[in-house]
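Q: Quick one: structure below, then a few questions.
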2 protein chains.
Amino acid sequence: MTERKAWVTGASGFFGGVMVRLLARAGWHVIGFAQQPDRAFALGAHYTIGGDITLAGTLSALRDHGCPDLVFHAAGGSHVGCADVDPIKDFRRTVHSTAELLHGLGMGGAVDAHIVYPSSAAVYGVQPPGPIAVAAATRPVSHYGWHKLGAELQCRQAVERYELSITAVRFFSLYGEGLRKQLFWELAERLRKGDDRLELAGTGEETRDYLHVEDAAALILALPRPSKGTLALVNGGSATETTIAAAVTAFQRALGTAVPVTFTGVVRPYDPRHLCADMSGVNILGTQWNEPRPLEAGLLDYTDWLRVNSGVTDDGTGKPGTPTA
Amino acid sequence: MTERKAWVTGASGFFGGVMVRLLARAGWHVIGFAQQPDRAFALGAHYTIGGDITLAGTLSALRDHGCPDLVFHAAGGSHVGCADVDPIKDFRRTVHSTAELLHGLGMGGAVDAHIVYPSSAAVYGVQPPGPIAVAAATRPVSHYGWHKLGAELQCRQAVERYELSITAVRFFSLYGEGLRKQLFWELAERLRKGDDRLELAGTGEETRDYLHVEDAAALILALPRPSKGTLALVNGGSATETTIAAAVTAFQRALGTAVPVTFTGVVRPYDPRHLCADMSGVNILGTQWNEPRPLEAGLLDYTDWLRVNSGVTDDGTGKPGTPTA
């Protein structure tokens, strides 16, 4: 069997890094487009390309390495708060980079590749309670969410104009090894610094749909390639709704702490109260995807990593580094 | 009465230039953002700002000049063919420039301005016969059309996040003084060079909705400002369907020529067969807009200009220049 070839952009980031590691382990030949090429190498990439993603660079890579079977475009802004502080930077990283990559793949005739774009549930914004289907109206709240929607528009343009095959997966709350932000990371930081009580915003009754990043990666590998000229939209979640209070309890149990938790009751106006993926579309597509691990199991894995890495600066090697001051 | 203040981007271009001229004539204080500041000055701008549109430059202009009453954002790619040759350039000019301007206006708190974005009927792509309403599904064909849709998405983002008031006007086929491309310009060029017969692509039975650029400008000035945080979508057309064959006949009559015309019958696959604006939305908005001039009348004006300017290079002064070789 011919060796399967994958391109991963954002290959030194959280999700891209996990994809590089899993693909390499599964025998794929992996080319990583990375801001930190050393880190992508350490994770298992066979070849890395540094710097910004450009149309010309994409064409060169197609010429030098041929058309890949899979392109996982994880490069882009990855922080809701940072996007609000500097929306133009987030626009460049998310919308513009997607335009450069897809025009390059399109002009280079990469019609045999399955291009997977990790979009976000942030495109939905505030929705009525209950599972959210991909057919729901998109009305983002954060600039991050708007730019994910802008990148999806680039995907629509590319399939219509270049006959590419793209799946955009709207991921809900991903977590796992390598994630240095969001609820669990912040809890770990506060516990490491010796906080003996945890006060959190909101009521604790808000819900999220947590998906371990390795299950997210498995979903991507299980997705069938859409026919040429088609953009498939899929949700990426566990279809399980967990309250923040329950998530914090599960996290402390996995970490072996039992610090008292209180909620301020102050609800941030733009924070969705409830987020849960309707995953029925995945079955319709005929995906061979196993049931994702429950949050409790996934947190055992993540807390193993956090015990070593909480308070540790990411030095780009993918290995534990220097504790932060 | 206080002097009304307008900003016009793309102030040395076709549509932006006409707006500068008409606004200045009507007593507005006009600031032109222009690639060719001399030309914007010649057209009547009181102050010009050169170079690319940036968030920082927009904030500076708000600080220096205060919040304008009207912002007409005409800067952007303006050529379907050029956008297909270099889509990234068109993306930068259309989508990215809109992002920079709107984030600047939003962060600068320009909530009292009416921002008008000249979008395009190209966002509709190929539609069933009959007038096209703004509620029609958007499925662009050209990269130019996709990028106009991307710029509209930036408008949606800006009204939701910054409480700005924006009207996006989807203009159909604009024509008039200053337009150096498209059907009438190309016909004038061929007739000037002495062609004694005109062979044109298509069947001649395709239809377009022609609107004189000064009527387009009048429409913009008649539009009510939407309430804060609202994006109004409006069509910009005459609501009159004209066949290409009839348009060519009217053009020759206005120019005083009568060269035989044939059509190849070869239909370009992505060329919409029929384009006509449903303008009922404009009445709903309570717009004080007079009936636009018929094509025959508008062409008398345009051919007056073409007699002087056909074959003449645009030297940026807005005055007749050197005939092209």
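Bear in mind that the values in this text are calculations on the coordinates, not laboratory data. The shown structure was predicted, so the numbers you read here are calculated from the model rather than taken from an experiment. Cβ placement follows ideal geometry from the backbone for every residue including glycine, while neighbour counts extend to all protein chains displayed.
Q: Can you give the angle from 0 to 90° between the axis of helix A:143-162 and the longest principal axis of chain A, with both taken from C-alpha atoms, to the nearest 10?
A: 20 degrees
Q: Can you tell me the orientation of helix A:295-309 relative to chain A, as the angle in degrees between its alpha-carbon axis and the longest Cα principal axis, to the nearest 10?
A: That works out to roughly 90 degrees.
Q: Give me the lysines in straight-line cross-link reach of A:LYS228: C-alpha distance below 20 Å, same-chain residues under 8 apart excluded.
A: A:LYS5
Q: Within segment B:98-165, which trypsin sites (Lys or Arg not before Pro) sit in a loop by DSSP and count at most 11 neighbouring Cβ atoms inside 10 Å?
A: none
Q: If you look at just the Cα atoms of segment B:60-168, how large are its Rg and its Dmax in Å?
A: So, for segment B:60-168, Rg and Dmax equal 14.8, 49 Å respectively.
Q: Just how far, in whole angstrom, is segment A:60-139 from segment B:229-287 if you go by their alpha carbon centroids?
A: So the separation of the two Cα centres works out to 36 Å.
Q: Okay, moving on. Would you please calculate the Kirkwood hydrodynamic radius of segment A:138-264 over all C-alpha pairs and express it in Å, rounded to one decimal?
A: Result for segment A:138-264, one decimal place: 17.0 Å.
Q: Moving to a separate point now. Would you kindly work out, in nm and rounded to one decimal, the distances from the label point of A:PRO260 to those of the same position in each other copy, ordered shortest first, with label points 7 Å along Cα-to-Cβ?
A: 9.9
Q: Hey, for B:ALA201 with labels 7 Å out along Cα-Cβ, what do the inter-copy distances come to in nm, ordered shortest first?
A: Those separations, rounded to one decimal, come out as 5.3 nm.
Q: Please compute the contact order of chain A in relative form: average sequence separation of alpha-carbon pairs under 8 Å and at least six residues apart, divided by the residue count, as a percent.
A: 17 percent
Q: Which of the trypsin sites (Lys or Arg not before Pro) found in segment B:209-293 are in a DSSP loop and have at most 14 neighbouring Cβ atoms, other than their own, within 10 Å?
A: B:LYS228, B:ARG273
Q: Could you work out how far helix B:182-192 tilts from the main Cα principal axis of chain B, as a 0 to 90 degree angle to the nearest 10?
A: Approximately 50 degrees, to the nearest 10.
Q: Let me ask something else. Kindly work out what percent of the DSSP beta bridges joining two residues of chain B are antiparallel, to the nearest 5.
A: 10 percent
Q: Before anything else, pin down the relative contact order of segment B:48-135: Cα pairs under 8 Å, at least 6 apart, normalised by residue count, whole percent.
A: 43 percent
Q: Taking 2.2 N^0.38 Å as the expected size of a compact globular protein, what ratio does the Cα radius of gyration of chain A give against it, to two decimals?
A: For chain A, the normalised Cα radius of gyration comes out at 0.98.
Q: How about A:LYS193: which lysines have a C-alpha closer than 25 Å to its C-alpha, ignoring those fewer than 8 places off in the same chain?
A: A:LYS181, A:LYS319
Q: Expressed as a whole percent, how much of the Cα-Cα distance distribution for the protein assembly as shown exceeds 37 Å?
A: Roughly 43 percent, rounded to a whole number.
Q: Same structure again: Work the Kirkwood hydrodynamic radius out for segment A:70-109: mean of 1/r over every pair of different alpha-carbon atoms, inverted, in Å.
A: Kirkwood radius, segment A:70-109: 10.9 Å.
Q: For a quick check: sort A:VAL308, A:VAL159 by the number of other beta carbons within 10 angstrom, fewest at the front.
A: Fewest-to-most ranking of A:VAL308, A:VAL159: A:VAL308, A:VAL159.
Q: In whole angstrom, and with the biggest value first, how far do the Cα coordinates of segment A:14-100 range along each principal axis?
A: Principal axes ranked by extent give 40, 26, 21 Å for the Cα atoms.
Q: Continuing with the same structure: Can you classify segment B:249-299 as rounded, prolate or oblate using the Cα gyration tensor, where a ≥ b ≥ c are the square roots of its eigenvalues, rounded means a/c under 1.5, and otherwise it's prolate if a/b beats b/c and oblate if not?
A: oblate
Q: Now for a separate question. Relative to the other copies, what are the label-point distances for B:GLY281, with labels 7 Å from Cα along the C-beta vector, expressed in nm at one decimal and sorted shortest first?
A: Distances to the matching label points in the other copies: 2.6 nm.
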